Structure formats: structure tokens, C-alpha cells
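Undergrad: Below you will find the structure I want to go over with you.
Bear in mind that the values in this text are calculations on the coordinates, not laboratory data. Only a predicted model underlies this, so the values are computations on that prediction, with no experimental measurement involved. Cβ placement follows ideal geometry from the backbone for every residue including glycine, while neighbour counts extend to all protein chains displayed.
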Amino acid sequence: GGFFVYLRVALVFGLLLALPVVLYQVWAFVAPGLLPEERRAALPWIPMTVVFFLMGAGVAWITLPYAVDFLLGFQIEGSLTPNWSTRWR
């Protein structure tokens with residue numbers, strides 16, 4: 001349990017820290033193939049990708065525990081036993 005918590009935290013923070021570099025690399029790959037008008041139309045959306053990513057991560061962080069609890073309510077008693085290493089709430 002404890003080791004995997006450290007591993008998960010490191011993975012999430014690594015992804016968040018690497019996100020600007022990854023998005024820049026994607027833009028550097030795509031931009032040469034765009035016309036100048038297309039490039040100008042896409043530029044305002046580039047910063048919004050970070051905002052949308054963080055909003056989606058926040059919604060998932062809030063709703064995921066409730067969704068798992070809801071879905072676990074459909075199991076048949078005694079047939080399967082969920083074996084979680086951490087508590088959801």
C-alpha cells in the first residue's frame with residue numbers, strides 16, 4: 001500500500017510537470033503543417049488545453065469515489081469481494 005501511494009503521487013506530479021513540454025512538442029509537430037489562418041485560429045486554444053485538463057482532473061478527483069461506491073452497490077453479496085488497499089472516503 002504505502003509504496004504504491006508514493007508511486008502514484010510521483011506519477012501524477014510527473015505528468016503535471018511534463019504536460020507543458022508535451023503540449024509544446026505536439027504543437028511543434030503540428031504547426032508546420034497548418035496554414036497561417038489555421039495557426040492563428042488554434043493559438044487561443046493552446047492555453048485552454050491546460051485549463052481543460054485541470055478541470056477534467058478535478059471533476060474526476062471529486063466524482064470517482066462516488067462512482068466506485070455506486071458501481072460496487074450492484075454486486076451480488078458473497079460472489080465477489082472488492083479488495084482495496086486504500087479507502088475511498
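Undergrad: For n ≥ 4 DSSP H runs only, could you compute -39500 (n - 2.57) per run for the chain, divide by its residues and tell me the 222 nm figure to the nearest 500?
TA: -25000 deg cm²/dmol
Undergrad: Go ahead and set up a Gaussian network model of the chain, Cα springs under 10 Å, then flag whichever of 73, 58, 14 fluctuates most.
TA: Most flexible of the set in this elastic network: 73.
Undergrad: For the stretch 2-15, in order, what is each residue's ³J(HN,Hα) by Karplus, 6.51 cos²θ - 1.76 cosθ + 1.60 with θ = phi - 60°, in whole Hz (x at glycine and Pro)?
TA: With the stated coefficients, the stretch 2-15 comes to x, 4, 6, 5, 4, 5, 5, 4, 4, 5, 5, 5, x, 5 Hz.
Undergrad: Relative to the Cα centre, what is the charge dipole magnitude of the chain, using +1 at the beta carbon of each Lys and Arg, -1 at the beta carbon of each Asp and Glu, and rounding to the nearest 20 debye?
TA: 200 debye
Undergrad: Decide, for the chain, between rounded, prolate and oblate: order the square roots of the alpha carbon gyration tensor eigenvalues as a ≥ b ≥ c, take rounded if a/c falls under 1.5, and otherwise choose prolate if a/b is larger than b/c, else oblate.
TA: prolate
Undergrad: Name the shape class, rounded, prolate or oblate, that the alpha-carbon gyration tensor gives for the stretch 9-54, where a ≥ b ≥ c are the square roots of its eigenvalues, rounded holds for a/c under 1.5, and otherwise prolate holds if a/b is larger than b/c and oblate otherwise.
TA: The shape class here is oblate.
Undergrad: Give me the angle, in degrees from 0 to 90, between the Cα long axis of helix 45-72 and the longest principal axis of the Cα atoms of the chain, rounded to the nearest 10.
TA: Rounded to the nearest ten degrees, it is 10.
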